[in-house]
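The values are calculated or read from the model by the stated rules, or taken from the named source; none is laboratory data. As the structure is a computational prediction, the values presented were derived from the model and not from experiment. Cβ placement follows ideal geometry from the backbone for every residue including glycine, while neighbour counts extend to all protein chains displayed. Calculation scope for accessible area: heavy atoms of the full protein, side chains included, ligands and nucleic acids excluded. Shrake-Rupley method; radii C 1.70, N 1.55, O 1.52, S 1.80 Å.
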Amino acid sequence: MHEMALMGDILQLVERDAASREINQIEKIELVVGDLSNALPDALEMAFTVFRARGIGRLSSNAQLIILKEHAKAKCTVCAHEYEPEARLTICPECQLPSGRLIAGETFKVQSYEGS
Amino acid sequence: MKVLLEEEVLTDNNLSAKFNRDLFQTSKTLVINLMSSPGAGKTTLLEKTVAALGEEFRIGVIEGDLATEKDADRIRALGAKAVQINTNGGCHLDARMVAKVLPEFDFEEIDLLFIENVGNLVCPSGYDLGQHHKVAVLSVPEGNDKIPKYPVMFRRTEMVILNKVDLLPYLDFDVQMAIEDLKGINPESKLLQVSARTEDGLDEWFAWIRAAYKQIEAQ
């Protein structure tokens with residue numbers, strides 16, 4: 001459960017940028033969270049609610065958190081097959097070699113925010 | 001107005017990690033971040049490592065725990081410098097916490113620094129501390145299913161020390177399955193079988209440390 005800490009980092013990034021643009025009310029934050037980023041969307045939502053209720057920084061009292069999930073995707077470096085990885089994620093389901101590499105699913109970033 | 005930020009959430013952590021890494025590089029200190037579940041045997045492994053390599057290398061240890069100085073005291077008892085970080089409930093170490101205690105070490109006087117992370121197979125995996133190597137410790141009583149269950153940890157570490165192999169005859173741990181799972185999740189990683197208690201297999205771990213240190217020295 002490190003989502004409280006992560007949400008603290010997210011709000012700090014947004015806060016810093018908002019200050020530089022003289023944006024005083026943050027209404028919406030959009031995140032991209034990969035399946036394999038080790039951050040749980042539900043726990044992030046909960047952490048966001050806690051910070052919002054505390055009236056931290058420029059966060060408006062009805063600010064919204066939007067989470068765009070990035071599903072894990074792998075591509076085989078031998079046969080170029082693209083697949084949704086399972087537990088043994090480097091094993092290509094086509095050629096059975098451990099030659100798959102993740103091409104999506106590890107992203108964890110603040111995409112954008114809205115404010116005035 | 002809408003602002004397109006597209007910034008990594010861990011940007012600030014990664015900046016601190018870079019600061020740490022630069023310091024480790026300049027002083028040619030080999031830094032290893034050890035991660036595992038609670039009770040896998042990280043501290044016992046470090047005790048045996050300090051006891052065996054203490055004459056060859058000057059060793060420092062950073063201990064991460066929610067509370068108490070118990071682990072740091074175990075290392076200090078062997079004569080090595082140990083600094084305890086208490087996260088007060090936090091489930092991982094981040095680069096800023098590590099940066100804060102670095103002034104307590106004299107890096108001209110340290111060849112090896114071990115960072116024992118908070119016992120947890122999830123959260124510590126995401127944080128770069130500026131280390132040269134990330135190593136996971138897994139112990140036989142935890143079961144071989146931990147590798148596929150916590151893929152992020154095993155993807156982001158370059159070696160798994162399978163500890164407590166002296167218990168293999170009494171438990172259902174399937175070593176072959178663990179090796180196959182690890183290969184499927186991270187083909188570059190390898191599994192080292194040890195028992196920190198009986199000291200079986202530790203020579204291979206020590207050899208790995210010596211080789212890693214030579215690399216840092218040569219840079």
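Some observations on this one:
- In terms of its C-alpha gyration tensor, the stretch B:19-204 comes out prolate, because a/c is 1.5 or above and the ratio a/b outweighs b/c.
- Computed label-point distance, nm, for sites B:Leu168 and B:Lys149 using a 7 Å Cα→Cβ extension: 2.1 nm
- Normalised contact order of chain B, rounded percent, pairs of Cα under 8 Å and 6 or more residues apart: 24 percent
- Label-zone membership for the stretch A:81-116, site B:Leu15, 7 angstrom Cα→C-beta point, backbone N under 16 Å: A:110
- With Cα atoms, 0 to 90° folded angle of helix A:3-20 axis to chain A main axis: 60 degrees
- Occluded residues from the stretch B:57-104, i.e. those whose accessible area drops by 30 Å² or more once the chain is not alone (1.4 Å probe): B:Arg96
- The charge dipole of the protein assembly as shown, taken about its Cα centre with unit charges on the Cβ of Lys, Arg, Asp and Glu (plus for the first two, minus for the last two), comes to roughly 340 debye.
- Full-stretch length increase - A:Gln25, A:Thr49 - with 0.36 nm per residue and alpha-carbon distance subtracted: 7.0 nm
- Bridge type composition, the stretch B:108-219 - antiparallel percent by DSSP, nearest 5: 10 percent
- In the stretch B:171-190, burial by the other protein chains removes 30 Å² or more of 1.4 Å probe accessible surface, compared with the chain on its own, from B:Gly184, B:Ile185, B:Pro187.
- Segment B:Leu23-B:Leu4, length gained on full extension (0.36 nm per residue, minus Cα span): 3.5 nm
- Considering helices alone, the calculated mean residue ellipticity of the protein assembly as shown at 222 nm is -10000 deg cm²/dmol, with DSSP H runs of length four and up weighted by -39500 (n - 2.57) and normalised per residue.
- Chain A - share of DSSP beta bridges that are antiparallel (%, nearest 5): 60 percent
- Length added when fully stretched, B:Gln219-B:Met177, from 0.36 nm per residue minus Cα-Cα: 11.4 nm
- Using a Förster distance of 35 Å, the FRET efficiency for B:Ala207-A:Lys69 (Cβ separation, nearest 0.05): 0.20
- Kirkwood Rh in Å, taken over the protein assembly as shown so that all alpha-carbon pairs contribute: 21.4 Å
- Cα shape, the stretch B:2-123, gyration tensor, a/c 1.5 rule: oblate
- Residue-normalised accessible area of chain A, given per residue in Å² at a 1.4 Å probe: 50 Å²
- Relative contact order of the stretch B:75-165, pairs being alpha-carbon contacts under 8 Å that are 6 or more residues apart, as %: 27 percent
- Loop-located trypsin sites (Lys or Arg not before Pro) in the stretch A:50-84 whose Cβ has at most 11 other Cβ within 10 Å (DSSP): A:Arg54
- Once the Cβ-Cβ distance of A:Leu40 and B:Lys100 is raised to the sixth power relative to R0 = 25 Å, the FRET efficiency obtained is 0.35.
- Among beta bridges identified by DSSP and lying wholly in chain B, the antiparallel ones come to about 5 percent.
- The region of chain A that goes longest without hitting one of the GluC sites (Glu not before Pro) in a DSSP loop, each with at most 15 other Cβ atoms within 10 Å, is A:23-85.
- Size of the A/B contact, given as accessible area buried on both chains, probe 1.4 Å, in Å²: 2900 Å²
- Cα gyration tensor category, rounded, prolate or oblate, for chain A with a/c compared to 1.5: prolate
- The solvent-accessible area of A:Val14, taken with every protein chain present and a 1.4 Å probe, is close to 0 Å².
- Accessible surface of the stretch A:28-69 [probe 1.4 Å, protein heavy atoms]: carbon and sulfur percent: 50 percent
- Cβ-based charge dipole, the stretch B:19-140, positive-most Cα from B:Val31, B:Leu138, B:Thr49: B:Leu138
- Carbon and sulfur %, accessible surface of the stretch B:19-204 computed with the full protein complex present, 1.4 Å: 49 percent
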